[in-house]
Amino acid sequence: MEKSYEFLNRVLDSLTEHIVVVDKTGKIQFVNKSWSDFGINNACIVGDGWVGVNYIEECDKAAAMGDEFGTRAGNGIKSVINMQENIFYLEYPCHSPDEKRWFMMRVTPFQVAAESYYVISHQNISERKLAENEVKRLATMDGLTGIPNRRAFDEFLDKEWKRCRRLKKPICLAILDIDNFKLINDNHGHQFGDECLIKVGELLEGFAKRPGDICARYGGEEFALVWSDTKLEQAKKLTNKLLCTIADHKIPNGKSDAVTYLTVSIGLAEQVPAMVSKERDIIGIADHMLYRAKERGKNRVEYWDNALLGGG
């Protein structure tokens, strides 16, 4: 029997999964080598003395500090102990300073001599999650310019619209269109036109650096910029700076009657999202301002505010 116990320990210690066994109170009865090593290598406060520690209480401590996954893990373990669920699964991030990591937590019950115990395993699924994230990234990336596509823009605006509505913060949207783009394609060819789109996309990335910002290819020769928690006056400065930045690069615009360079027209709108408003409202206003910029001579910004005043 002693040899069998040693054999079982060696088997469990050879596994790359982090395994812990708890009783019905959540107190740890056993950990394998992978679990202990992970705790030591990642500066866990417990270190390697895990036996006797209450794992549920550790989850509750993390939850009290605002850790959403600590809350979900603790509740999941309790749900299996209370026989509300047969098995519990949870995917969660556990990033280190050097790499991004994800784990799959699994909780399963078993009995020995009428006593209930629970195996909690943590499997490293980082390779799969990185592959999934790359697929998602490619699905939301414009193939030509390398910046987010219309799908990414729609998803981002929806998320930020709801966040700004909850916080009662303003959100600004700029829609820009390359002036005389048909002439660029007609006079220089579609390949040169594509190079112009790529260059504009590169320049736009410099104007969307915060987590609440995005630049995206909106469609054709149109692009969009979202600035969350940003007032109109600040957005006006950014869009006018963008006009100057594009002009400074002196990209040929395709006109044959003069030596001129690529310019853009921009429609800008600001709103503080309300319960009755939708994202399409600010899109419609910014689009209307874009057409006004085209009508008023191009290479300018037209903006909208509560007084419906325009300027450039």
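The values are calculated or read from the model by the stated rules, or taken from the named source; none is laboratory data. Bear in mind the structure is a predicted one, so any value in this text is a computation, not a measurement. In this analysis, Cβ positions are derived from the backbone assuming ideal geometry, glycine residues included, and neighbour counts consider all displayed protein chains. In case anyone asks, the SASA skips ligands and DNA or RNA and just uses the protein heavy atoms, side chains included. Shrake-Rupley method; radii C 1.70, N 1.55, O 1.52, S 1.80 Å.
Details
- Ranked packing of 64-70, 183-189, most packed first, by mean Cβ within 10 Å: 183-189, 64-70
- Note on the chain: dipole from Cβ charges, positive end direction compared against GLN123, GLY297, GLY26; the farthest Cα belongs to GLY297.
- For the chain, the relative contact order comes to 13 percent (Cα pairs under 8 Å, sequence separation of at least 6).
- Averaged over its residues, the chain has an accessible area of 56 Å² per residue, based on protein heavy atoms and a 1.4 Å probe.
- Accessible surface of CYS94 - all protein chains present, 1.4 Å probe, nearest 10 Å²: 40
- Surface composition of the stretch 180-269: carbon plus sulfur atoms hold 51% of the accessible area, using a 1.4 angstrom probe and ignoring ligands, DNA and RNA.
- Contour excess over end-to-end distance, with Cα ends at LYS24 and PHE207 and 0.36 nm allotted per residue: 60.5 nm
- Two-site FRET efficiency, ARG163 against PHE7, from Cβ-Cβ distance with R₀ of 45 Å, rounded to 0.05: 0.25
- Fully extending the segment from GLU57 to GLU99 would add 12.4 nm, taking 0.36 nm per residue of separation and subtracting the current Cα-Cα distance.
- Within the straight-line cut-off of under 29 Å between alpha carbons, the lysines reachable from LYS237 are LYS159, LYS162, LYS168, LYS169, LYS182, LYS199, LYS209, LYS250, LYS255, LYS278, LYS294, LYS298, sequence neighbours fewer than 8 places apart in one chain being disregarded.
- Cβ charges +1 (Lys, Arg) and -1 (Asp, Glu), total dipole of the chain, debye: 840
- Cα→Cβ-extended label distance, 7 Å offset, between LEU183 and GLU91, nm: 5.1
- Placing +1 on the Cβ of every Lys and Arg and -1 on the Cβ of every Asp and Glu, with no other charges, gives the stretch 95-252 a dipole of roughly 800 debye about its Cα centre.
- For the stretch 196-204, putting each phi into the Karplus relation 6.51 cos²θ - 1.76 cosθ + 1.60 with θ = phi - 60° gives couplings of 5, 4, 4, 5, 4, x, 4, 5, 5 Hz, in residue order, rounded to whole numbers and with x for Gly and Pro.
- Gained length - LYS250 relative to ASP37, 0.36 nm times residue gap less alpha-carbon distance: 70.9 nm
- Inter-probe distance in nm under a simple model that places probes 7 Å from Cα toward Cβ, at GLU127 and LYS278: 4.5
- In this structure the amide hydrogen of TYR218, modeled in the peptide plane, comes within under 5 Å of the amide hydrogens of PHE223, ALA224, none closer than 5 places in sequence on its chain.
- Over the chain: helical MRE at 222 nm, DSSP H runs n ≥ 4 each giving -39500 (n - 2.57), nearest 500: -14000 deg cm²/dmol
- Most fluctuating residue given options ALA62, ALA247, ALA139, as computed from a GNM of the chain linking Cα atoms under 10 Å: ALA62
- Within a straight-line Cα-Cα reach of under 19 Å, LYS33 can be paired with the following lysines, leaving aside sequence neighbours fewer than 8 residues apart in one chain: LYS3.
- Inter-label distance for LEU144 and LEU15, nm, one decimal - labels placed 7 Å from Cα along Cα-to-Cβ: 5.3
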